[in-house]
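Asks: Below is one structure. I have some questions about it.
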Amino acid sequence: MRGNRRSKLSVLAGASALALSAATATPALALSAATATPALARDAARAPVEVSMPADTGIVEGVATAPGAEPGTDTAFPVDEDETGTAGKAEPVVSAQAAPPSSTCLGGTAAYGAKGCFQHNGDIVWAGDTEKDGMSAAVGVYTDYGRAAEVCVNKLGAATWATCNKDYRESGNIRLRVLRYDGDTGKFYQPEAWSGWLPVDGKF
């Protein structure tokens, strides 16, 4: 009888020890799982994700205009036909500014590695590269009047701004899409951000 009682006590003590070890092990497992998940999420967020662009999207490189160069010596977005009656005429590309004109640049939009805004007086798209990661900043421009999308790409390097100058329809609105561009592959990548609709004439 006494031996039977000892055996029951041993079984109970073993079960209690097992329960205690499971109870103390579970929080550690939960903690390691909780700490592993954000790390994976961070790594996934850093991996570039390709963005599909319409096949007819025009790509324009914002490059520094040579000192003393006259307007019209560089290629940029084509002019809207209803603005000047001279469709296809090129406007100059101006670049390598330290920062955009904050008081006149509308729709400031930013994503990892890129910033963009629209200067309505002059119809200038600003593209700022904020990361030294081998990719270029890109600012897509979409209109509400059916014009094909166009992208201003800053290949000047990190900590620079490039500008692309063009005439948009004054009665129209544009929307900016900020993202990254890989010149080696010709592909665009997330993360990306969109502005709201901006009046070309700057009058909200």
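Asks: Given the options Val153, Val125, name the one that is at pLDDT 95 or above and within 21 Å of Val51 (Cα to Cα). Outline the logic, then answer.
Replies: Details: Val125 fails: at pLDDT 95 or above.
Exactly one of Val153, Val125 is at pLDDT 95 or above and within 21 Å of Val51 (Cα to Cα), namely Val153.
Asks: Considering region 112-140 alone, what residues qualify as being at positive phi and in a strand (DSSP E or B)?
Replies: Our first condition is that a residue be at positive phi; within region 112-140, this holds for 113, 122-123, 134.
Of everything in region 112-140, nothing turns out to be at positive phi and in a strand (DSSP E or B).
Asks: Which members of region 137-156 meet the condition of being over 21 Å from Gln190 (Cβ atoms) and not aliphatic (A, V, I, L, M)?
Replies: Applying the first criterion (over 21 Å from Gln190 (Cβ atoms)) to region 137-156 yields 143-148, 156.
Of everything in region 137-156, those that are over 21 Å from Gln190 (Cβ atoms) and not aliphatic (A, V, I, L, M) turn out to be Thr143, Asp144, Tyr145, Gly146, Arg147.
Asks: Can you name the residue in region 104-120 that is of a type in the set (A, V, I, L, M) and within 9 Å of the chain's Cα centre (by Cα) and, of all such residues, is surrounded by the most Cβ atoms within 10 Å (Cβ to Cβ)?
Replies: Selected residue: Ala114.
Per-residue answers, yes or no, for (1) part of a loop (DSSP other than H, G, I, E, B); (2) in the same structural domain as His120 (by TED's automatic domain parsing); (3) within 13 Å of the chain's Cα centre (by Cα); (4) buried (at least 18 other Cβ atoms within 10 Å of the Cβ):
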residue: Tyr142; (1), (2), (3), (4): no, yes, no, yes
residue: Gly146; (1), (2), (3), (4): yes, yes, no, no
residue: Thr163; (1), (2), (3), (4): no, yes, no, yes
residue: Ser171; (1), (2), (3), (4): yes, yes, no, no
residue: Arg175; (1), (2), (3), (4): no, yes, no, yes
residue: Val178; (1), (2), (3), (4): no, yes, yes, yes
residue: Tyr181; (1), (2), (3), (4): no, yes, yes, yes
residue: Gln190; (1), (2), (3), (4): no, yes, yes, no
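Asks: State which residue is nearest to Ala193 (Cα to Cα) when the search covers only region 139-173 and only residues that are hydrophobic (A, V, I, L, M, F, W, C) and free of Cβ contacts under 8 Å to residues at least 60 places away in the same chain.
Replies: Initially, region 139-173 is screened for residues hydrophobic (A, V, I, L, M, F, W, C), giving 139, 141, 148-149, 151-153, 156, 158-159, 161-162, 164.
The next check asks that each one be free of Cβ contacts under 8 Å to residues at least 60 places away in the same chain; those that pass are 139, 158-159.
On the way: Val139: 10, Ala158: 19, Ala159: 19 Å.
Of everything passing the filter in region 139-173, Val139 is nearest to Ala193 (Cα to Cα).
Asks: Going by what's in this entry, would Thr185 be described as farther than 22 Å from Asp56 by Cβ, surrounded by fewer than 16 Cβ atoms within 10 Å (Cβ to Cβ) and modelled with pLDDT under 95?
Replies: Values: farther than 22 Å from Asp56 by Cβ: no; surrounded by fewer than 16 Cβ atoms within 10 Å (Cβ to Cβ): yes; modelled with pLDDT under 95: yes.
Criteria not met by Thr185.
The values are calculated or read from the model by the stated rules, or taken from the named source; none is laboratory data. As the structure is a computational prediction, the values presented were derived from the model and not from experiment. Positions of Cβ are backbone-derived with ideal geometry, glycine not excepted, and every protein chain shown enters the neighbour counts.
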